[in-house]
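Here, each number is a calculation from the coordinates, and none is a lab measurement. Quick caveat: nothing in here was measured; it's all calculated off a predicted structure. Don't worry about glycine lacking a Cβ; one is built from the backbone with ideal geometry, like all the others, and counts go over all protein chains shown.
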Amino acid sequence: MALVALKSVTKTYPNGFQAVKDFNLDIKDGEFVVFVGPSGCGKSTTLRMVAGLEDVTGGTISIGDRVVNDVHPKDRDIAMVFQSYALYPHMSVYKNMAFALKLRKVPKDEIDRRVQGVAKTLGLSDMLDRKPRQLSGGQRQRVALGRAIVREPKAFLFDEPLSNLDAKLRVTTRAELKALHQRLKTTTIYVTHDQEEAMTLGDRIVVMSNGLIQQSGPPLEVYRNPKNRFVAAFVGTPPMNFLEGTLEKRGDSVVFIEGSNDSSGKPYELAAHPARAAALAQHVGKPIVMGIRPQMFSLDPVENGGGGASMRVRVNVVEPLGDTVDVACSTPKHPLLVARLPARGNPPPAGQDVTLHVAMELVHYFEPGEFGAKLMV
Ligand SMILES: Nc1ncnc2c1ncn2[C@@H]1O[C@H](COP(=O)(O)OP(=O)(O)OP(=O)(O)O)[C@@H](O)[C@H]1O
Ligand SMILES: [Mg+2]
């Protein structure tokens, strides 16, 4: 059963701006769903409508079996955690966590039982007497989380709750959040613009752009099978490379023609994987976009096992990351192609030409345009 259901939800702000357009989503009881997308795509607006902090312009939002469009936020039985965790500075950690329960007139011993229990779960038991200013950023974030958990709500709503933390703490707190969800199994909607955070946390990610859902699904499914070029570009690091060109038929095989020549005057041509040639044949002669993840390039022809397709490119910038190295390259037609290569020996030096082999069995093909659909080939 869906615990939270959004049906044809729209939001037009008083100034006439339509921030959310026909949003449809069912969230199952216990599910961890992440809204992800670039700044301004409508993530916070959608979350705030679920919380009741923002009016719905059209459509319905249900929690459990009741439509909550007109239900006051405090009666929706959900708890929201924001980026700025806004603890009460003059109250102890204990009082911060107990506050909402006190307002609800929960009996004192019940409050104590819940606060002590949650504090233990979050490793805050030793800090219950401290004031927020006596805590680190990560500890404060945990108090904000604890304050939501003690309420035992039907659902948690998070809006970029980790963005105030430094990079290391963000990663550990992220893991704590995930472990916590595995234990409590409380339905969660989590908003972030960080696709890595979305991938690592979500049972399901909902990729948004311009107030619309572009794709929703389990993280690896979205990563492996993006519906269109927008999703393909947004999910995965470094971002997928896109080569615009055309397909040409050569006997039984199909060849991608990039449309420029390498430094030795040879045209860039990549032979499609033989297993995909038949399906690709119907797109011959039309403009097409090939999507290559940085991890699909290799300096070593044996590694990719994909029909021996390769391209000679100019190396512009080399970024060593430890066990891998990101190499920014170019062709005359495509000024930026990023390859993520294993860092064995010395990486190719900037300014030189190298041959990159492409795992053609894995590459994606799209129709032209920012939202070009992925071709089922
Ligand atoms: N009160 C408002 N009046 C008019 N437009 C608004 C208002 N609040 C937000 N918007 C616009 O609605 C769009 C969606 O805003 P929203 O805050 O939902 O984006 P977001 O996806 O959360 O972005 P971010 O990642 O930057 O937080 C934006 O273009 C924003 O400028
Ligand atoms: Mg936002």
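Taking H placed 1.01 Å from N in the peptide plane, check which residues at least 5 places from Val20 or on another chain put their amide H under 5 Å from its amide H.
Hits under the 5 Å cutoff: Lys11.
Sort the following peptides by mean Cβ neighbour count (other Cβ atoms within 10 Å, averaged over residues), highest first: 55-66, 205-216, 267-278, 90-101.
Numbers: 55-66: 15.4, 205-216: 21.7, 267-278: 17.4, 90-101: 19.2.
Descending mean neighbour count gives 205-216, 90-101, 267-278, 55-66.
Tell me whether segment 240-309 comes out rounded, prolate or oblate; compute the Cα gyration tensor, take square roots of the eigenvalues as a ≥ b ≥ c, and use a/c under 1.5 as the rounded threshold.
Values: a/c = 1.45, a/b = 1.19, b/c = 1.21.
Rounded, because the longest to shortest axis ratio a/c is under 1.5.
At what distance in angstrom do the alpha carbon centres of segment 241-273 and segment 74-137 lie from each other?
61 Å
Using 0.36 nm per residue of separation minus the Cα-Cα distance, give me the extension gain between Asp126 and Ala179 in nm, one decimal.
Working: separation 53, 0.36 × 53 = 19.08 nm, distance 2.09 nm.
Length difference between fully extended and current span is 17.0 nm.
Tell me, what HN-Hα J-couplings in whole Hz come from the Karplus equation 6.51 cos²θ - 1.76 cosθ + 1.60 at θ = phi - 60° for each residue of segment 268-273, using x for Gly and Pro?
6, 9, 10, 6, 4, 4
Would you compute, from DSSP H runs of 4+ residues alone, the mean residue ellipticity of the chain at 222 nm, taking -39500 (n - 2.57) per run and dividing by the full residue count, rounded to the nearest 500?
Working: 10 runs with 95 residues, N = 377.
Taking each H run of at least 4 residues, the total per residue is -7500 deg cm²/dmol.
If contacts are Cα pairs under 8 angstrom and at least 6 residues apart, what is the relative contact order of segment 241-366 in percent?
Numbers: 285 pairs, mean separation 36.2, N = 126.
About 29 percent, as a whole number.
Quote to one decimal, in nm, the extra length available between Leu336 and Leu362 on full extension: 0.36 nm per residue of separation minus the C-alpha distance between them. Walk me through the numbers on the way to the answer.
Numbers: separation 26, 0.36 × 26 = 9.36 nm, distance 2.01 nm.
The Leu336-Leu362 span can extend by a further 7.4 nm.
Checking the cross-link filter: which lysines have an alpha carbon closer than 18 Å to that of Lys105, excluding same-chain neighbours under 8 positions apart?
Cα-Cα hits under 18 Å: Lys74, Lys95.
Can you work out the Karplus-derived ³J(HN,Hα) for every residue in segment 174-188? Use 6.51 cos²θ - 1.76 cosθ + 1.60 with θ = phi - 60°, whole Hz, and x for glycine or proline.
4, 5, 4, 4, 5, 5, 4, 5, 5, 7, 7, 6, 7, 3, 9
From Cα pairs below 8 angstrom and at least 6 apart in sequence, can you work out the relative contact order of segment 2-234, rounded to a whole percent?
Once normalised by length, the contact order is 28 percent.
What is the antiparallel percent of DSSP beta bridges lying wholly in the chain, to the nearest 5? Mind dumping the intermediate values first?
Working: 58 of 76 bridges.
Here the share of antiparallel DSSP bridges comes out near 75 percent.
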